[in-house]
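One structure is given here, and the rest of the page talks about it.
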Amino acid sequence: MSVQVDTRRLQGRRRSRLPDRLFSGGTAFVAVVVVALLVAIFVMLATNSALTWQTFGLSFITGTVWDPVTAVYGALPYIAGTIFSSAIALVLAAPVGLLTAIFLAEYAPRAISVPLTFVIELLAAIPSVVIGLWGVFVLGPFLKVTVESFMVDHFGWIPIFKGPAFGIGLFAAGVILAIMILPTIVTISREVLVAVPGSQREAMYGLGATRWEVISRVVVPLARSGIVGAVILGLGRALGETLAVTMVIGNGQNIPTSLFDQGQTLASKIATSFNEAQVGLQTSSLIALGLILLVITIAINIVARVFVGRASSRVGGL
């Protein structure tokens with residue numbers, strides 16, 4: 001009798017494994033679909049931009065002229081505009097976002113932290129066209145008469161701060177992008193900081209550490225990988241943002257040499273030119289810009305993943 005009972009139990013366990021197998025198989029299928037989608041996008045961009053690569057080769061990446069009349073196309077000004085504007089946004093948004101997250105997670109009482117976090121999250125829901133309009137009519141004129149004029153007057157002898165200041169250009173685009181990626185950095189960084197075990201804080205307090213020492217030596221190092229991930233997610237949005245940047249960057253065609261020069265990003269160039277592009281080499285070149293943007297985004301995420309892995313291993317060894 002006992003043998004029959006054990007056999008039934010084993011049969012029930014075998015039957016109970018079926019949902020597990022279905023679930024694991026389903027998740028594996030979805031993961032494969034996601035990877036296949038990325039590969040399909042890459043293949044589509046590479047295939048449709050093949051004419052450009054056959055015509056110009058790698059000189060397309062280093063070329064500085066975009067002239068549909070003579071059918072000469074180069075992507076370097078737009079690559080530079082993308083990298084420079086995103087770098088400005090990251091320099092502005094990362095410190096502010098991290099300090100805001102530390103305040104919300106460690107200093108602010110719950111009655112303030114929860115509503116303030118909700119308001120910051122709402123900032124991410126504002127359409128980019130609205131932020132772009134605000135940038136054109138409010139932020140641009142404000143920057144022109146304040147920050148940009150101050151920099152030109154006092155630091156204009158440095159090439160990177162060379163004027164004149166128009167309120168529309170690379171710096172304004174960087175500020176707009178910083179505002180747009182700030183909610184992502186703040187929200188994710190705050191969640192990561194809150195997730196640090198309270199026992200780690202209590203142990204440091206038990207050793208006589210101050211709140212600043214607890215935050216700087218325990219909380220932030222343990223949350224380092226998550227904070228880096230938040231910054232990279234924000235950078236990813238900055239690289240691909242189109243409409244708001246197009247409205248404030250000035251749409252210049254040259255490589256920016258100053259913070260206040262007008263320029264274009266890869267995304268803004270595609271958005272402003274694709275509808276009017278002639279089928280053939282010009283369309284292929286615009287698609288090639290999209291391929292370059294995809295490669296840059298993937299490369300940055302790979303580098304960030306390596307950095308996060310090393311940072312996590314160092315923290316784990318403490």
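Exactly one residue among Ala173, Ala178 is at pLDDT 85 or above, more than 21 Å from Ala230 (Cβ to Cβ) and in a helix (DSSP H, G or I), and that residue is Ala173. Do we have Ser258 as touching a Leu at 6+ places or on another chain (Cβ under 9 Å), polar (S, T, N, Q) and within 26 Å of Leu58 (Cβ to Cβ) here? Against the criterion (touching a Leu at 6+ places or on another chain (Cβ under 9 Å), polar (S, T, N, Q) and within 26 Å of Leu58 (Cβ to Cβ)), Ser258 does not qualify. If I filter the range 77-91 for residues that are over 22 Å from Val228 (Cα atoms), out of contact with any helix residue (DSSP H, G or I) (no Cβ under 9 Å at 6 or more places or on another chain) and of a type in the set (Ser, Thr, Tyr), do I get at least one hit? No: the range 77-91 contains no residue that is over 22 Å from Val228 (Cα atoms), out of contact with any helix residue (DSSP H, G or I) (no Cβ under 9 Å at 6 or more places or on another chain) and of a type in the set (Ser, Thr, Tyr). Looking only at the range 44-89, count every residue that is surrounded by fewer than 16 Cβ atoms within 10 Å (Cβ to Cβ), polar (S, T, N, Q) and assigned to a loop (DSSP other than H, G, I, E, B) and tell me the total. So the answer is 2.
Taken together, the residues in the range 92-113 that are loosely packed, with under 12 Cβ neighbours inside 10 Å and of a type outside the set (Ser, Thr, Tyr) amount to 4. Just to be sure before I move on: is Val147 closer than 30 Å to Val228 by Cα, surrounded by 19 or more Cβ atoms within 10 Å (Cβ to Cβ) and over 17 Å from the mean Cα position of the chain (by Cα) in the structure I sent? No: the conditions fail for Val147.
Yes or no, residue by residue, for (1) more than 16 Å from Ile102 (Cβ to Cβ); (2) touching a helix residue (DSSP H, G or I) at 6+ places or on another chain (Cβ under 6 Å); (3) among the small types (Gly, Ala, Ser):
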{"position": "Arg190", "(1), (2), (3)": "no, yes, no"}
{"position": "Leu193", "(1), (2), (3)": "no, yes, no"}
{"position": "Gly206", "(1), (2), (3)": "yes, no, yes"}
{"position": "Arg211", "(1), (2), (3)": "no, no, no"}
{"position": "Ala223", "(1), (2), (3)": "no, yes, yes"}
{"position": "Ala230", "(1), (2), (3)": "no, yes, yes"}
{"position": "Gly234", "(1), (2), (3)": "yes, yes, yes"}
{"position": "Ala238", "(1), (2), (3)": "yes, yes, yes"}
{"position": "Val245", "(1), (2), (3)": "yes, yes, no"}
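The values are calculated or read from the model by the stated rules, or taken from the named source; none is laboratory data. This one's a predicted model, so the numbers in the text were calculated from it and none came from an experiment. Methodologically, a virtual Cβ is constructed for each residue, glycine included, from the backbone with ideal geometry; neighbour enumeration extends over all protein chains shown.
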